[in-house]
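Here is the structure we will look at.
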Amino acid sequence: MSAVKAPPLAPARAAVPGWGTLLVLLAGVFITTLDFFIVNVAIPAIQRDLHATPSQIQFVVAGFGVALAAGLITAGRLGDLYGRRRMFAVGLAFFTLASAACGAAPTADMLIGARIAQGVGAALLMPQVLAIVNTAYTGERRARAFNAYGVAMGFGGVFGQLIGGVLINADIAGLGWRTIFLINVPVGAVALALIPRLVPESRVAGGARLDLAGTVLVSLGLVAIVYPLVQGREQGWPAWTWLCLGAAVVLLAVFALRQRRIAAPLVNPVLFRRGSFTVGVTVSLLHAMTMGSFFLILALYLQNGRGLGALDSGLIFLPLGLGYFLSSTRAARIAALLGRQVVAVGALTMALGYAILAGTVTGLGDHGAVGWVIPGLVIAGAGMGLVMAPLPAVALNGVAGADAAAASGVLSTAQQAGGAIGVALVGLVFYGSLGTVPHAFAAGLILLIALDAVVAALVQALPR
């Protein structure tokens with residue numbers, strides 16, 4: 001079947017975007033990424049305050065991630081069809097209201113429902129950010145905007161535990177853990193007020209319709225992947241987890257066949273004929289496998305292995321954030337010199353940092369000053385910044401404007417699925433070698449080193 005030609009873009013209905021536009025977009029990226037990570041540090045307080053069962057606590061964490069991963073591809077296409085600014089605003093409003101509901105939740109079940117709603121809101125807004133950047137900026141401004149996106153996303157992940165620890169420790173107005181959700185409300189409200197003035201609108205012209213059957217297939221398929229990976233290890237990998245993963249293969253295969261046969265696909269198959277997009281998505285998935293899992297096992301090492309509290313362990317993340325800040329703010333200049341190789345250099349720098357950490361924690365054992373991990377954390381953070389800042393621009397380079405949000409949805413989905421897969425794989429290694437926590441941490445780091453080496457090798461397949 002011949003390739004489907006994308007209809008032209010409708011003209012923008014706002015002023016030429018400036019850095020105010022980018023700040024509004026990045027505010028949405030930062031608070032949604034932050035909420036993915038920040039909840040981990042509040043789990044003990046939530047469990048105690050709401051009398052939550054272990055199963056309910058798992059859903060508080062997993063509900064957000066599953067809803068986010070399941071909705072990204074569909075949300076990306078909704079932006080292409082009905083307006084990227086409109087869907088960004090709808091998603092941000094939904095996320096802000098859901099954050100208020102999380103902060104006010106009187107029971108664990110209501111908190112779970114609000115967390116799922118947060119995930120839906122995050123799914124609606126996240127693909128639109130990359131799509132708006134990809135279509136509204138050009139040349140050097142586009143490269144800087146993509147770099148800023150990577151910086152904001154990384155900051156939300158790297159500093160999530162620290163920010164959560166500070167907020168809970170401050171106990172503002174006696175709200176305790178609720179502040180980690182309520183902090184989103186003023187940020188979201190200000191950004192929503194500025195959207196009509198600062199963010200340009202764009203969409204695909206021509207009256208195409210949403211592929212509803214494809215939406216159901218891809219959403220169910222992604223849930224069938226992410227949910228068992230998130231929950232499987234905690235429950236000992238029962239039979240239902242393997243049945244879900246098997247069903248996911250079938251659902252996504254049927255979805256792929258359908259996309260090739262219909263006139264208005266949810267994801268245009270032409271996207272995957274571009275080597276840069278396919279390799280970029282694969283690199284993003286593998287990199288995401290290393291990021292979320294590293295944050296998890298580092299937190300487990302600091303809190304379970306070294307007995308640090310939420311705030312103290314969060315402070316140990318500061319050197320990681322310092323390395324990330326120093327490299328990510330310079331990544332655009334380095335990318336101008338090295339091109340695609342900046343991602344390979346970043347991946348290998350992460351591997352070096354992990355190797356230093358593995359040697360350090362093995363030597364320290366259960367004793368010794370925890371400050372010895374700082375050099376490895378700074379180097380690992382620097383590597384993260386060199387990968388995360390330029391990677392979205394590398395993956396979306398050359399994507400047509402008509403498919404910008406759909407492609408962004410695919411890229412964001414790969415990142416979310418990669419995070420879930422990485423946590424599952426590294427969790428298996430960590431808990432499977434749990435003689436001592438430092439030994440388990442070092443074993444998990446060895447797997448991350450191998451994944452970073454694969455990322456560096458795959459980058460060589462990207463166009464020069």
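State whether the residues of segment 187-201 include one that is in the same structural domain as VAL66 (by TED's automatic domain parsing) and under 20 Å from ALA67 (Cα atoms). Within segment 187-201 (the criterion being in the same structural domain as VAL66 (by TED's automatic domain parsing) and under 20 Å from ALA67 (Cα atoms)), the answer is yes, since at least one residue qualifies.
Filtering segment 176-207 to residues that are buried (at least 17 other Cβ atoms within 10 Å of the Cβ) and in a loop (DSSP other than H, G, I, E, B) leaves ILE183, VAL199, PRO200, GLU201, SER202, ARG203. Taking residues in segment 33-53 that are buried (at least 17 other Cβ atoms within 10 Å of the Cβ), and partners anywhere that are charged (D, E, K, R), the pairs with Cβ atoms closer than 8 Å and at least 6 places apart or on different chains are VAL39/ARG115. Evaluate segment 357-368: report whether one residue or more is touching a residue at least 40 places away in the same chain (Cβ under 8 Å), under 21 Å from PRO392 (Cβ atoms), in a helix (DSSP H, G or I) and in the same structural domain as ALA453 (by TED's automatic domain parsing). No - not one qualifying residue is present in segment 357-368.
Counting residues in segment 86-94 that are charged (D, E, K, R), under 20 Å from ALA193 (Cα atoms) and in a helix (DSSP H, G or I) gives one or more. Just to be sure, is GLY376 modelled with pLDDT of 80 or more and under 20 Å from the mean Cα position of the chain (by Cα)? So GLY376 fails the test.
Residues that are modelled with pLDDT of 85 or more and over 24 Å from ASP80 (Cβ atoms) within segment 200-227 comprise just one, ALA224. Within segment 69-128, the set of residues being closer than 29 Å to VAL267 by Cα and among the acidic types (Asp, Glu) comprises ASP80 only.
When segment 409-464 is filtered for residues that are part of a loop (DSSP other than H, G, I, E, B) and among the charged types (D, E, K, R), only ARG464 remains.
With free of Cβ contacts under 8 Å to residues at least 60 places away in the same chain and within 30 Å of LEU425 (Cα to Cα) as the only criterion, which of GLY214, GLY174 stands out? Steps first, answer last, please.
Working: GLY174 fails: within 30 Å of LEU425 (Cα to Cα).
It is GLY214.
When you check ALA69 against the structure, is it at pLDDT 90 or above, assigned to a helix (DSSP H, G or I) and among the aliphatic types (A, V, I, L, M), yes or no? So ALA69 fails the test.
Annotation: of all residues in segment 224-244 being hydrophobic (A, V, I, L, M, F, W, C) and in contact (Cβ under 8 Å) with a residue 40 or more places away in the chain, the one that is surrounded by the fewest Cβ atoms within 10 Å (Cβ to Cβ) is VAL230.
With the condition kept exactly as written, say whether any residue in segment 162-185 is within 20 Å of THR290 (Cα to Cα) and within 23 Å of the chain's Cα centre (by Cα). Write out each step before concluding.
Pass one, segment 162-185, residues within 20 Å of THR290 (Cα to Cα): 162.
Keeping just the survivors that are within 23 Å of the chain's Cα centre (by Cα) gives 162.
Yes: segment 162-185 contains one or more residues that are within 20 Å of THR290 (Cα to Cα) and within 23 Å of the chain's Cα centre (by Cα).
Across segment 154-167, the qualifying residues are those that are in contact with a Gly (Cβ under 6 Å, 6 or more places away or on another chain) and in a helix (DSSP H, G or I), and the one among them that is nearest to LEU311 (Cα to Cα) is GLY165.
Test GLY221 against the stated conditions and say whether it is buried (at least 17 other Cβ atoms within 10 Å of the Cβ), assigned by TED's automatic domain parsing to the domain that holds GLY444 and within 20 Å of the chain's Cα centre (by Cα).
no
The values are calculated or read from the model by the stated rules, or taken from the named source; none is laboratory data. As the structure is a computational prediction, the values presented were derived from the model and not from experiment. Every residue, glycine as well, gets a Cβ built from its backbone with ideal geometry; the counts of neighbours run over all protein chains shown.
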